[in-house]
Amino acid sequence: MMVKKPRKVILHELGRLGYMESFAKQQSAEKALKEITQDKEDNPPYHGSLFLVEHNPIYTTGVREHGYDEKFAERLKGLNAEFYKSNRGGLITFHGPGQLVAYPIIYLKYFNLNVGTYVDCLESTIIKLCELYGLKAYTCEHTGVWVNDSKICALGVRCSKFVTTHGLALNCNTDLNWFSHIVPCGIGGKGVTSLSKELGRNVTIQEVTPLFLKCFGEVFGAEFETAKE
């Protein structure tokens, strides 16, 4: 799905940052965007924000806790990872080094999207990116993007008053052993992969980022303005 009219999106490239610190930035951006939509819905100064970040090792769950009790959390913390129960959709996943995490904070009405078509656009962004690497990526009945029956990108979003938070996590050169301690996204019998694994070489976040921005801009009809951090 392509959105025709250009929309101004403020780009925040955060580098390596803790999960809770980046979540606080999402919340601040969400609050600011909601204020804009109330006061200047017809002629806003910008249409959304995009946060790009790489996290320290952390396992996060969504609103459906699915039996993730304290004993389960402590086991994961014993792996030298954090554990956090978030308010996004989806089940458990891992974030960590070598993974490009993108948090779009956008007002869906500005982009002529609803939650369903928004998720479609996120998936289309990653499919287009994989195509640039010669990989055939696809979607299925499970949310996310897949290559060779293994998930390469996980999605988990939240929407409140048409403003989105959370987003996607693309495995670039992630240590995939982290995923062996969970059932990623609650989907049994499926594997997890990365760009590096599929291409047989080291593919870094730094290499992928400009291609991701290109694909995101094309799919969402977005023009980026770098934030003054």
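Within the bounds of the stretch 70-89, is there any residue that is aromatic (Phe, Trp, Tyr), within 15 Å of residue 195 (Cα to Cα), without any contact (Cβ under 8 Å) to a residue 60 or more places away in the chain and open to solvent by 10 Å² or more (accessible area, probe 1.4 Å)? Checked the stretch 70-89: no residue is aromatic (Phe, Trp, Tyr), within 15 Å of residue 195 (Cα to Cα), without any contact (Cβ under 8 Å) to a residue 60 or more places away in the chain and open to solvent by 10 Å² or more (accessible area, probe 1.4 Å). The criterion of at least 3 residues that are under 17 Å from residue 104 (Cα atoms) is met, among strands (runs of 3 or more DSSP E) falling completely within the stretch 130-212, by 150-160, 163-171.
Take the stretch 192-212 and flag every residue that is open to solvent by less than 30 Å² (accessible area, probe 1.4 Å) and of a type outside the set (Val, Ile, Thr).
Step one: list which residues in the stretch 192-212 are open to solvent by less than 30 Å² (accessible area, probe 1.4 Å), which gives 192-196, 203, 205, 208-209, 212.
Within the stretch 192-212, 194, 195, 196, 212 qualify.
Among the residues of this structure, residue 9 counts as one that is closer than 19 Å to residue 113 by Cβ, of a type in the set (A, V, I, L, M, F, W, C) and crowded, with 20+ Cβ neighbours inside 10 Å. Does residue 62 satisfy being at positive phi and modelled with pLDDT under 95? Spelling it out, it is not the case that residue 62 is at positive phi and modelled with pLDDT under 95.
Go over the candidates 125, 117 one by one and state the one that is crowded, with 20+ Cβ neighbours inside 10 Å, in contact (Cβ under 8 Å) with a residue 12 or more places away in the chain, assigned to a helix (DSSP H, G or I) and among the hydroxyl-bearing types (Ser, Thr, Tyr).
On the way: 117 fails: crowded, with 20+ Cβ neighbours inside 10 Å.
Within the list 125, 117, the selection yields 125.
The values are calculated or read from the model by the stated rules, or taken from the named source; none is laboratory data. Predicted model only: the values in this text are computed from it and were never measured. Backbone-built Cβ (ideal geometry, glycine too); neighbour counts: all protein chains shown. Just the protein is used for accessible areas: all its heavy atoms, side chains included, with ligands, DNA and RNA removed. Shrake-Rupley method; radii C 1.70, N 1.55, O 1.52, S 1.80 Å.
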